[in-house]
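Okay, so here's the structure we're looking at.
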Amino acid sequence: MFLAGSIKSFGSYLILMRRVLSRPQRWSVFFRQTLHEIYQLGINSIPIVLLISFFIGAVICIQMKLNVESPWMPKFVVGYATREILLLEFSSSIMCLILSGKVGSNITSEIGTMRVTQQIDALEIMGVNSANFLILPKITALMSMIPILVIFSIATGIAGAFAIGEFTGIITAEDLTTGLQHEFKQWYIWCSIIKSFAFAFIITSVASYYGYRVTGGSVEVGQASTNAVVSCSVLILFSDIILTQLLMQ
Amino acid sequence: MIEVLSVSKQFNGQEVLKEITATFRNGEVSLIIGQSGAGKTVLLKCIVGLFTPEKGKILYDGRDISSMDKKEIRHLRQEIGMLFQNSALFDSMSVLENVMFPLDMFSSMTYNERRKRAMFCLDRVGLSEAQYKNPDELSGGMQKRVAIARAIALEPKYLFCDEPNSGLDPQTSLKIDELIHGITTEFGITTIVNTHDMNSVMGIGDHVLYLANGNLAWEGNKDNILNSDNELLNNFLFSSDLVKKVKEMSLK
Ligand SMILES: Nc1ncnc2c1ncn2[C@@H]1O[C@H](COP(=O)(O)OP(=O)(O)OP(=O)(O)O)[C@@H](O)[C@H]1O
Ligand SMILES: [Mg+2]
């Protein structure tokens with residue numbers, strides 16, 4: 001039952017994506033919409049990304065200090081471990097999980113409301129490919145903003161680690177710097193960015209799919225947003241495993 | 001000209017439209033009247049292709065909409081203006097942007113020309129001062145008028161209005177009716193209007209279709225509607241005292 005349902009949903013998701021990933025009917029309108037979405041989905045997410053990354057950076061630093069550091073390990077291990085966690089998982093996967101809550105529910109409720117108030121029908125009647133018009137700018141916008149969000153997240157996470165070191169004195173700035181620079185691999189940053197591209201696509205396309213197929217009224221729009229966030233999170237976690245395998249080997 | 005040929009539509013086994021056949025000519029406003037729940041909206045949605053009827057054909061100037069692919073339908077729809085029962089304005093755009101939207105999408109005009117055209121349409125519905133407002137700052141009747149402006153922005157060949165007058169005072173209703181009638185005759189548009197408003201019927205009812213329980217129960221015009229011997233229609237019409245009096249006077 002569940003499996004059949006999932007396959008059916010996946011099929012209709014693919015059909016929707018085929019309509020979405022076609023040439024925009026008017027490039028000027030597409031660019032205007034995309035700019036608007038960059039603001040809505042990208043710029044508006046910067047504060048929460050900065051806030052969370054700063055505190056998580058600080059907390060990871062404290063945890064590493066308390067749990068990992070021991071007399072027979074070099075002092076820089078705290079900085080090293082903090083950097084690896086931020087680069088490899090937090091700033092891509094965990095941050096996208098958080099964004100799926102913010103951005104995903106926003107997208108589903110916006111498109112769902114347009115569906116139940118017949119705005120999507122109005123678009124279709126005008127001869128507009130509503131799926132392409134509404135969804136493609138969102139996908140484009142978040143995918144083009146996500147590398148910036150990832151870089152911001154890494155930077156503020158590291159800033160958080162420095163801040164807690166400075167504030168509590170658990171680790172000196174020199175030790176932290178040594179650790180952060182120890183065996184640094186640029187590839188890890190690229191991994192983060194590549195993974196986040198995939199997550200950005202999942203968040204925008206899956207959330208849009210849930211909104212686009214809403215029938216009913218405001219109750220159904222609410223349910224759809226919840227379902228969208230759950231599905232996005234599960235899919236992000238799954239694809240994280242696969243991508244990590246592929247990218248880190 | 002739009003031809004509807006024995007169209008039937010059901011929802012979950014319940015027949016909402018039963019073998020409707022009708023012809024809508026250009027340059028003429030056709031009014032579909034009937035009780036709430038009679039199937040007026042469903043018929044209109046079948047005609048524009050938002051619902052697919054189980055049986056029957058719909059021809060736009062001879063072009064069969066059910067045999068078109070997505071692209072052809074999209075092309076046809078650029079010739080259609082539609083006013084939804086709940087207006088369905090885009091709430092992320094201002095009033096002016098709403099009216100300009102079809103022009104942005106499909107016209108080859110410059111920005112200034114599009115703006116001018118949109119302002120002209122807004123002016124026609126008497127709302128040029130509201131151009132910078134958001135739809136949610138307008139009353140229901142004003143939203144209706146904006147939706148009409150948006151529907152006529154691209155100079156459609158076919159215009160569909162689902163209850164353009166509901167929620168409007170008699171004076172504004174009259175203006176809207178005249179507006180719809182005016183552009184229909186002026187540009188030779190094929191216009192279909194759903195309404196329960198007897199004022200509209202008596203005002204612009206050159207072609208009136210009465211829908212009852214999914215059947216096309218009567219067809220005629222404002223001159224013979226009061227003298228019909230169709231019982232269903234008479235029950236529907238003369239539920240209003242005003243119309244009763246009008247009939248008595250006309251008999252005298
Ligand atoms: N999407 C739908 N799914 C199931 N039934 C529907 C749907 N849309 C309409 N119906 C049914 O079709 C019938 C006709 O509805 P319709 O909306 O056409 O009435 P109407 O004549 O437009 O009424 P009103 O004047 O109140 O707008 C109703 O019984 C309604 O329950
Ligand atoms: Mg209706």
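What follows draws every value from the coordinates through simple rules; no lab data is involved. Here the structure is a predicted model, which is why all the values come from computation and not from measurement. In this analysis, Cβ positions are derived from the backbone assuming ideal geometry, glycine residues included, and neighbour counts consider all displayed protein chains.
Before moving on, here are some points about what is shown:
- The helix-based estimate of mean residue ellipticity at 222 nm for the protein assembly as shown, built from -39,500 (n - 2.57) per DSSP H run of four or more residues and divided by its residue count, is -19000 deg cm²/dmol to the nearest 500.
- Per residue of B:65-78, other chain Cβ atoms within 10 Å of the residue Cβ number 2 on average.
- Here the Gaussian network model covers chain A, with springs between Cα atoms less than 10 Å apart; of A:PHE76, A:PHE31, A:PHE167, A:PHE167 fluctuates the most.
- Counting only DSSP beta bridges whose two residues both lie in chain B, roughly 50 percent are antiparallel.
- Gain on full stretching of the segment that runs from B:SER8 to B:PHE187 - 0.36 nm per residue minus C-alpha separation: 61.3 nm
- For chain A, hydrophobic long helices are taken as DSSP H runs at least 30 Å long by C-alpha position along their axis with mean Kyte-Doolittle hydropathy of 0.5 or more; these are A:46-67, A:130-168, A:186-212, A:218-248.
- Taking label points 7 Å from Cα along the Cα-to-Cβ direction, A:ALA159 and B:ASP136 give a separation of 3.3 nm.
- B:ASN230 versus A:ILE148: modelled label distance in nm, points set 7 Å from Cα along the beta carbon direction: 6.2
- Inter-chain shielding of B:41-53 (mean C-beta neighbours from other protein chains, 10 Å cut-off): 1
- Using every pair of separate Cα atoms, the Kirkwood estimate puts the hydrodynamic radius of the protein assembly as shown at 26.2 angstrom.
- Total formal charge among the other residues, if their Cβ is under 14 angstrom from that of A:ALA207, Lys/Arg +1 and Asp/Glu -1: +2
- Degrees between helix B:95-106 axis and first principal axis of chain B (Cα, 0 to 90, nearest 10): 80
- Note on A:GLN223 and B:ASN26: the model spin-label points, each 7 Å out from Cα along the C-beta direction, lie 4.6 nm apart.
- Here A:THR177 and A:MET248 are evaluated by their C-beta separation; at R0 = 30 Å the FRET efficiency comes out at 0.75.
- With coordinates expressed along the principal axes, the C-alpha atoms belonging to the range A:26-248 extend over 71, 35, 33 Å, beginning with the largest.
- Beta bridges per DSSP, both residues in the protein assembly as shown: antiparallel share near 50 percent.
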